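Contents: one structure, followed by commentary.
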Amino acid sequence: MVEVRVLLGKLRRLLKSRGRSPDDIDDLMQEAFLRLQVYCRDHVVQHAEAFLVRTVLNLSAEQGRRAGRANVRTGEDDLLNVIDPAPGADEVLAGQQRLRRLMLGLQRVPPRSREVFLLHRSEGLSYLEIATQLGISVSMVEKHVARTAFFLRDWMARSEL
């Protein structure tokens, strides 16, 4: 029973990472399990998890293609209604300025704290992975990340004044 819950969680995360809504996820998973059951009537499935993963990915892709075809419209009026989702020049400039300010703040953080913070936030490593890699305790990793985050929050707030 625990294995089924773990598998359901994996499938949910997989579909969510593909941009599917919670309702779509439930429908796709139900369809995948149904296809597994029907397939098992005539065939032996050695790796049910792999079968289900491939099936939900295929169903998700198929659903995406159907949705894409349903939204295709032709006509010159469509060209007039196109909205550019890209940020404006002023937003880009403001973002670049914030990034420069953040980089200056990071230079003011002690090197070890900066290293730990960047491993966590930029590289996506867990606290345990960082602790193992650097030979420090998880508690120390937490402290480095928290101190740096608080410092940068205050640093960025001062720039907005």
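The values are calculated or read from the model by the stated rules, or taken from the named source; none is laboratory data. The shown structure was predicted, so the numbers you read here are calculated from the model rather than taken from an experiment. Every residue, glycine as well, gets a Cβ built from its backbone with ideal geometry; the counts of neighbours run over all protein chains shown.
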Arg114 passes all but one of (1) surrounded by 10 or more Cβ atoms within 10 Å (Cβ to Cβ); (2) at pLDDT below 85; which number fails?
(2)
Find the residue count for region 7-36, including only residues that are farther than 18 Å from Gly64 by Cβ and surrounded by fewer than 10 Cβ atoms within 10 Å (Cβ to Cβ).
0
Which numbered condition Leu7 fails, given (1) in contact with an Asp or Glu (Cβ under 7 Å, 6 or more places away or on another chain); (2) over 15 Å from Thr55 (Cα atoms):
(2)
Are there helices (runs of 4 or more DSSP H) fully within region 1-107 with at least 1 residues that are within 30 Å of Ala149 (Cβ to Cβ) and at pLDDT 85 or above? List them.
2-17, 89-107
For region 124-140, how many residues are surrounded by fewer than 15 Cβ atoms within 10 Å (Cβ to Cβ) and of a type in the set (A, V, I, L, M, F, W, C)?
2
Any residue in region 92-120 that is in contact (Cβ under 8 Å) with a residue 12 or more places away in the chain and on the phi > 0 side of the Ramachandran plot sitting within a Cβ distance under 7 Å of a residue that is assigned to a helix (DSSP H, G or I) and not acidic (Asp, Glu)? List the pairs, counting only those 6 or more apart or interchain.
none
